[in-house]
Amino acid sequence: MTTGAYPAANRRRTDYGMLYVAPTVLLLILLLYGPAVSGFWQSLFRLDGADAGAFVGLDVYGKVLAEPGFGKVVLSTTLFVVGSVIGTVGLGLAIALYVNSLEEATARILQIGVIIPWAISSVVGALLFRWFYMSDLGLFQGMLRGFGLPAFDPMSTQAGAMTALILSAVWKKLGFAVILLLSGLKAIPHDYYEAARIDGAGAFARFREITVPMLTGPLLISSVVLGIADLNTVELPLIVTGGGPLDSTTTVALSIYQKAFSQYDLQRAITLAIITFLVNIVLVGLYVRSVRGQSE
Amino acid sequence: MAHISFENVSKSYSTLNVIRDINLDIHDGEMLILVGPSGCGKSTLLRMIAGLESVSSGAIRIDDRVVNDLDPRDRDIAMVFQSYALYPHKTVLENITFGLRMRRMAGDEILRRAKQASMALGLDAYLDRYPRQLSGGQRQRVAMGRALVREPKAFLFDEPLSNLDAQLRVQMRMEIRALQQKLGVTSVYVTHDQIEAMTMGDKIAVMNRGGIEQIGTPLDIYDRPANEFVATFIGSPMINLLDAEVRGDGRSAVTPGGLVLPTGTAALSPGEKVRIGIRPEHVRLGDDGAPGIVEAVEQTGLDTLVLVRTSGTAMRVLIRERRYMERGQKVLLSLPPADMHVFSSDTGARR
Amino acid sequence: MSAAMSRKLRSRLSLIAFSAFILIFNLGPILWGILGSLRPREEIMRFPPQPLPSSLSLEHYAAIAESGFLGAARNSLIYAAITVVVALVAGSIAAYALDRLRFAGKAVVMFLVIAGIPLASGAAALIVPSYLYMTSLGLSDTPWVLPLVYIAYNLPTAVWVLKGALGGLSRELDEAAAIDGAGRLRTLFEILLPLCKPAIGAAALFCFVGAWNEFVAGSVLVDNPDLRPVQVSIYQNMGYFGRDWGPLLAAATLAILPIIAAFLVFGRLLIAGLTKGAVKG
């Protein structure tokens with residue numbers, strides 16, 4: 001029945017809401033949404049060279065899309081994003097199910113354990129991942145040798161480099177998926193499982209018929225969020241693999257970054273950035289929908 | 001202390017009318033009870049006085065000043081909420097004095113009033129505690145104290161006792177009433193509990209579907225319900241209502257089952273369809289009258305409620321003593337004409 | 001041994017094994033990195049690697065201190081502090097309006113906030129446009145540009161977390177305060193926000209971590225070494241020190257320290273905040 005904070009004066013006070021959100025809205029429009037819109041506008045003009053400022057429209061878009069390197073970037077980006085999301089959500093779900101079955105104290109230690117890599121910066125994370133798992137001086141390679149297994153340099157093959165890059169993303173973001181899925185698991189009323197038990201459902205049937213359907217929201221949200229994060233991460237490919245070998249791990253995010261700030265090809269960079277931004281918009285739309293679905 | 005009045009007050013959300021054309025006067029120092037079933041608009045009406053709900057049309061006045069567009073803080077009213085709405089992070093003292101602090105009252109005056117209120121409510125030992133450290137009854141008193149220190153023009157109570165257990169409720173009911181009478185502050189009290197309504201108010205307004213069905217003193221409403229709704233809502237066990245048709249003499253009516261009921265003094269036209277109300281305590285079991293058979297007996301310890309079937313209708317009969325009766329027992333019912341309430345079958349209004 | 005006991009033992013062992021795997025996979029790199037930062041230089045380069053250092057040494061910390069790292073850390077602390085303060089103040093007022101008031105355009109503002117949460121992590125797509133935008137505004141390479149960008153990146157999350165917490169508080173509190181004579185902002189700051197301390201802590205932590213960890217914007221929007229944030233400094237040291245891992249690990253350890261410290265104090269808040277739908281990868 002309540003219509004507002006104290007609605008006697010609602011008619012006169014409709015403006016207060018706008019006033020209160022104004023600083024936030026201004027900051028977001030000027031600093032988050034503004035650059036995106038102005039970026040698209042600027043991408044339609046020549047940014048450098050003798051004819052800087054000339055209108056080029058969508059010409060550059062056509063050129064960028066037609067370049068042979070573009071297909072390669074799309075392929076490695078897709079491999080990286082899809083592989084990382086599946087790996088993170090899959091392993092995250094397994095760990096969440098496991099942690100959910102533990103008693104409170106153990107569960108908390110494991111939760112803090114998995115969330116810490118997520119909380120440290122990508123630069124430091126990538127650095128430490130490389131040092132621990134990939135360096136011949138790292139403990140992981142040392143342990144392999146200790147078990148009598150051959151040491152290997154993941155950077156020696158394209159597949160090895162991509163695997164290392166994906167694993168670095170899984171390692172970095174795993175905790176996020178675990179926490180989100182775990183809270184989703186906790187939100188499933190215990191009654192459902194008891195009712196299903198009484199109805200004669202086995203463990204797998206309970207998982208398939210109760211857990212999975214009730215977890216669609218958290219699964220979708222974590223996949224979308226991780227997809228956006230992986231699509232846009234510059235730090236991981238930049239530091240873990242440097243984009244190599246033979247550009248096989250150069251994702252679109254790294255490509256934009258390098259084109260703009262090492263090769264100073266702003267024109268191609270911004271065109272690629274706007275194309276990526278469009279993909280982001282689709283994912284953000286999915287995110288907004290699933291968040292709204294969750295909170296209803 | 002103030003006089004509160006409603007003049008043609010309505011409130012609607014788009015097409016839904018939640019308050020319909022209310023006209024009401026609450027006199028200085030009076031305690032008015034708003035009572036009705038849930039969803040009848042009683043809380044909305046109270047919140048309109050407080051300024052927590054807007055007014056769609058009409059005028060609400062406090063001391064002849066139209067307050068429709070005034071902020072709650074400018075109306076000089078205090079309110080006790082159903083959940084108490086104590087500030088969980090403030091101590092009892094801070095809770096009680098917050099409203100005075102907001103009005104920039106001098107510190108020593110704030111303390112004086114807080115002391116006075118906490119003495120009156122027996123809260124002096126708890127001033128440093130937080131609400132979570134108090135029992136339900138103590139929290140209720142803090143909510144009262146917060147209203148009391150303000151020394152406002154009017155107190156508004158929104159079902160303040162509904163979260164207390166039965167015993168405490170009876171005690172607080174008396175305390176609130178005594179306090180209100182002592183201070184003489186105009187008060188409006190919302191409840192769905194008819195016992196609270198009957199015992200606490202100077203006047204009762206019975207509400208239904210956004211409108212006021214009847215206003216009057218408690219006994220007036222009990223003895224002369226203005227319509228069928230009021231008759232059924234006030235009184236427990238519920239009044240007996242029997243469909244009947246006025247007989248040729250205009251002074252009695254007969255039910256489809258053939259039970260003849262006196263209609264007292266009301267001027268009725270023969271053949272009129274009416275509904276006759278008889279409160280259970282007014283039906284007598286005696287040596288003469290209509291024959292009936294006992295169908296069920298409920299003993300409360302204090303009194304006895306008997307369900308009697310007579311001429312095809314079931315009739316509740318309340319006996320103010322303990323009497324042992326059995327199912328199937330034959331009894332005679334007498335129906336005193338003076339205690340009959342006659343309502344029109346069409347409108348439900350009292351005839 | 002009875003069957004029940006051996007089953008119990010097996011499940012106990014699998015519990016320990018799986019927990020150990022999770023902890024080693026996740027924390028191994030971090031612990032190994034911290035250990036490495038304390039080893040003498042020769043030992044880091046020794047092959048094969050030793051599990052435990054033979055002696056502790058602070059030489060790498062001395063090396064990193066001379067590289068300008070501390071100045072960068074100080075910059076980042078300032079950027080993060082500004083981000084936290086502005087995001088909490090602007091964010092809590094906006095969250096109040098979005099949760100408690102009705103106004104025209106509310107749905108649009110809600111959309112800007114919710115969409116802003118994942119968008120802010122879309123750094124790659126935004127960074128070139130942002131670079132051109134900030135340059136055209138004359139903000140590039142000024143002390144203001146990074147705090148402003150970090151505020152914009154973290155504000156949506158702060159609003160969302162705080163709005164969730166305010167939504168859990170009874171409206172009767174607002175009404176009691178209104179009758180007591182408190183205005184909207186006073187109700188927010190004196191009644192409602194003190195009851196949202198966990199959410200404020202979580203929002204502050206998100207903003208701090210977000211600002212402290214940011215790399216991409218920091219690497220392109222400022223050029224002046226005096227304005228450089230901590231993550232950029234670490235990255236540049238990677239080029240400078242190359243395969244000399246010691247100083248890099250020391251820098252990494254120093255960069256993790258505030259995060260670990262914040263975690264030990266607020267870890268549960270962060271997990272709770274994350275759970276409440278503050279979802280950012």
Q: Might you check whether a residue that is at pLDDT 90 or above, of a type outside the set (Gly, Ala, Ser), closer than 20 Å to residue B:189 by Cβ and over 24 Å from the mean Cα position of the chain (by Cα) occurs anywhere in the range B:33-40?
A: no
Q | residue B:10 being touching a Lys or Arg at 6+ places or on another chain (Cβ under 7 Å) and either surrounded by fewer than 22 Cβ atoms within 10 Å (Cβ to Cβ) or modelled with pLDDT of 95 or more (or both) | A | yes
Q: Go through B:21, B:69, B:28 for me and flag whichever is more than 30 Å from residue B:127 (Cβ to Cβ), without any contact (Cβ under 8 Å) to a residue 40 or more places away in the chain and out of contact with any Cys (no Cβ under 7 Å at 6 or more places or on another chain).
A: B:69
**Q.** Close pairs from the range A:148-172: first hydroxyl-bearing (Ser, Thr, Tyr), partner in a helix (DSSP H, G or I) and crowded, with 24+ Cβ neighbours inside 10 Å, Cβ under 6 Å, at least 6 apart
**A.** A:168/A:129; A:168/A:236; A:168/A:240
Q | Hits in the range A:29-42 (condition: within 8 Å of chain C (Cβ to nearest Cβ) and either more than 23 Å from residue C:151 (Cα to Cα) or among the aliphatic types (A, V, I, L, M) (or both)) | A | A:29, A:30, A:31, A:32, A:36, A:42
**Q.** Residue tally, condition part of a helix (DSSP H, G or I) and buried (at least 17 other Cβ atoms within 10 Å of the Cβ), over the range C:101-145
**A.** 23
Q) Of the numbered conditions (1) buried (at least 16 other Cβ atoms within 10 Å of the Cβ); (2) at pLDDT below 90, residue A:167 satisfies every one except a single condition; which is it? A) (2)
(Q) Let me confirm something: among C:12, C:39, which residue is more than 16 Å from residue A:135 (Cα to Cα) and touching a residue at least 60 places away in the same chain (Cβ under 8 Å)? (A) C:39
Q | Verdict on residue C:68 being surrounded by 15 or more Cβ atoms within 10 Å (Cβ to Cβ) and on the phi > 0 side of the Ramachandran plot | A | yes
Q: Considering only residues that are part of a loop (DSSP other than H, G, I, E, B) and within 14 Å of chain C (Cβ to nearest Cβ), look in the range B:112-156 and name the one that is nearest to residue B:83 (Cα to Cα).
A: B:130
Q) Before we move on, is residue A:191 of a type outside the set (A, V, I, L, M) and either within 12 Å of chain C (Cβ to nearest Cβ) or in contact (Cβ under 8 Å) with a residue 40 or more places away in the chain (or both)? A) no
Q.
Condition (residue is out of contact with any strand residue (DSSP E or B) (no Cβ under 7 Å at 6 or more places or on another chain) and under 23 Å from residue B:38 (Cα atoms)) applied to the range B:154-161: is it met by at least one residue?
A. yes
Q) When you scan the range B:20-78, how many residues do you find that are surrounded by fewer than 18 Cβ atoms within 10 Å (Cβ to Cβ) and of a type in the set (Val, Ile, Thr)? A) 1
Q.
Here is a check on your reading of the model: is residue A:279 over 16 Å from residue A:77 (Cα atoms), out of contact with any strand residue (DSSP E or B) (no Cβ under 8 Å at 6 or more places or on another chain), within 9 Å of chain C (Cβ to nearest Cβ) and part of a helix (DSSP H, G or I)?
A. no
Q) What number of residues within the range B:311-351 are among the β-branched types (Val, Ile, Thr), more than 15 Å from residue B:253 (Cβ to Cβ) and assigned to a strand (DSSP E or B)? A) 3
Q | Unique residue being more than 10 Å from chain C (Cβ to nearest Cβ), at pLDDT 80 or above and either assigned to a helix (DSSP H, G or I) or within 27 Å of residue A:283 (Cβ to Cβ) (or both) when the list is A:69, A:57 | A | A:69
(Q) Can you confirm whether residue C:98 is facing another protein chain (nearest Cβ under 7 Å), crowded, with 21+ Cβ neighbours inside 10 Å, assigned to a helix (DSSP H, G or I) and in contact with a Lys or Arg (Cβ under 8 Å, 6 or more places away or on another chain)? (A) yes
**Q.** Scan of the range B:55-72 for residues that are out of contact with any strand residue (DSSP E or B) (no Cβ under 9 Å at 6 or more places or on another chain), more than 14 Å from chain C (Cβ to nearest Cβ) and not in a strand (DSSP E or B), ordered by number
**A.** B:69
Q.
Quick test for you: out of B:95, B:8, B:68, B:23, pick the one residue that is touching a Gly at 6+ places or on another chain (Cβ under 6 Å) and of a type in the set (S, T, N, Q).
A. B:8
Q. Residues of the range A:243-269 being more than 21 Å from the chain's Cα centre (by Cα), surrounded by 19 or more Cβ atoms within 10 Å (Cβ to Cβ) and touching a residue at least 40 places away in the same chain (Cβ under 8 Å), which ones?
A. A:266, A:267, A:268
Q: Please specify each residue of the range A:218-248 satisfying the condition of being assigned to a loop (DSSP other than H, G, I, E, B), modelled with pLDDT of 90 or more and not aliphatic (A, V, I, L, M).
A: A:233
Q: Being facing chain A (nearest Cβ under 8 Å) and either of a type in the set (A, V, I, L, M) or over 19 Å from residue A:276 (Cβ atoms) (or both) narrows it down to one of C:119, C:146, so name that one.
A: C:119
Q | From the options B:238, B:174, residue that is out of contact with any strand residue (DSSP E or B) (no Cβ under 9 Å at 6 or more places or on another chain), at pLDDT 90 or above and not β-branched (Val, Ile, Thr) | A | B:174
Q) For the range A:142-215, which helices (runs of 4 or more DSSP H) that fit wholly inside it have 1 or more residues that are within 30 Å of residue C:51 (Cβ to Cβ) and over 19 Å from the mean Cα position of the chain (by Cα)? A) A:158-186
(Q) Given the criterion surrounded by 21 or more Cβ atoms within 10 Å (Cβ to Cβ) and of a type in the set (A, V, I, L, M, F, W, C), identify the matching residue among C:189, C:208. (A) C:208
Q.
If the requirement is being within 13 Å of chain A (Cβ to nearest Cβ) and surrounded by 16 or more Cβ atoms within 10 Å (Cβ to Cβ), which of these qualifies: C:40, C:49?
A. C:49
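The values are calculated or read from the model by the stated rules, or taken from the named source; none is laboratory data. Nothing here was measured: the structure is a model prediction, and the numbers come from that model. Note that each Cβ is placed from the backbone with ideal geometry, even for glycine, and that neighbours are counted across all protein chains shown.
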